[in-house]
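Some notes on the structure that comes next.
The values are calculated or read from the model by the stated rules, or taken from the named source; none is laboratory data. Computed from a predicted model, the values in this text were never measured in an experiment. Cβ coordinates were reconstructed from backbone atoms using ideal geometry, including for glycine residues, and neighbour counts include every protein chain displayed. Side chains are part of the model used for accessible areas, which takes the heavy atoms of the whole protein and leaves out ligands, DNA and RNA. Shrake-Rupley method; radii C 1.70, N 1.55, O 1.52, S 1.80 Å.
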Amino acid sequence: MRIEDVEGELDRILLTEEEILTKLDELARQVEEDYKGKRVPLLVGVLKGAVVVLSDFAKALNFHAEMDFMAVSSYGHGTKSSGVVRILKDLDADIHDRDVLIVEDIIDTGLTLSWLIENLESRGAKSVKVLALLRKPDAMKVHVPVQYLGFDIPNEFVVGFGLDYAEKYRNLRAVAVLAKHVYS
Ligand code: 5GP
């Protein structure tokens, strides 16, 4: 979906598709370098948000990319995650002795991600690294190592490139701050 299709619903554009794809390309070159001579890492996406980033990142890689997906839900309601996570869909692959690269859309508090890293490590993965397109300042509060980062963004609610508001805007070709009137 193009920006002009929902222009009246957006406050401002933070990142265009071009900027995002350029960055994912740069990150792909780094990943290729870091995993040179090793078995290709398993790309793990957390549904649903990471699907768009994982798809574009995988296409930017110049080696075969294996992909797998998990769906998780945080216990507790409200806008802040609690850090207690339930697996709704588990990986298909056995990750014992595999290098795993988690691909994330955004890190907010980092609670979900730090749980996930621990969970995948406990299954005997050889290594667990993280690629995230976006990171908010709150992520600094819990230490989550991010080896491949796209952009640090302000502490505002954003949509697009996999991120939704009530299941909408996931397929927007940009990352944008929603206009206030959309919430009310
Ligand atoms: P946390 O890092 O707080 O455990 O959770 C991160 C998750 O919260 C993301 O995967 C995403 O689903 C959601 N989230 C955090 N910030 C935003 C945002 O600005 N916009 C949207 N649409 N989702 C967000």
Residue under question is LEU61, and the condition is that it be more than 16 Å from the ligand (Cβ to nearest atom), crowded, with 18+ Cβ neighbours inside 10 Å and more than 20 Å from GLY160 (Cα to Cα); does it hold? yes
For segment 73-184, which fully contained strands (runs of 3 or more DSSP E) count at least 1 residues that are modelled with pLDDT of 95 or more and within 25 Å of GLU26 (Cβ to Cβ)? 99-107, 127-135, 148-152, 174-178
Taking the condition more than 19 Å from the chain's Cα centre (by Cα), at pLDDT 95 or above and open to solvent by 10 Å² or more (accessible area, probe 1.4 Å), does ILE13 pass? no
Scan ASP34, ASP25, ASP105 and give me the residue that is open to solvent by 50 Å² or more (accessible area, probe 1.4 Å), of a type in the set (D, E, K, R) and touching a helix residue (DSSP H, G or I) at 6+ places or on another chain (Cβ under 7 Å). ASP25
May I ask you to list the residues in segment 116-165 that are open to solvent by 50 Å² or more (accessible area, probe 1.4 Å), within 8 Å of the ligand (Cβ to nearest atom) and not acidic (Asp, Glu)? PHE157, TYR165
For segment 89-115, give me the residue count where each residue is away from the ligand (no atom under 13 Å from the Cβ) and touching a residue at least 40 places away in the same chain (Cβ under 8 Å). 8
When only residues in segment 37-54 that are open to solvent by 50 Å² or more (accessible area, probe 1.4 Å) and not in a strand (DSSP E or B) count, which is farthest from ASP108 (Cα to Cα)? GLY37
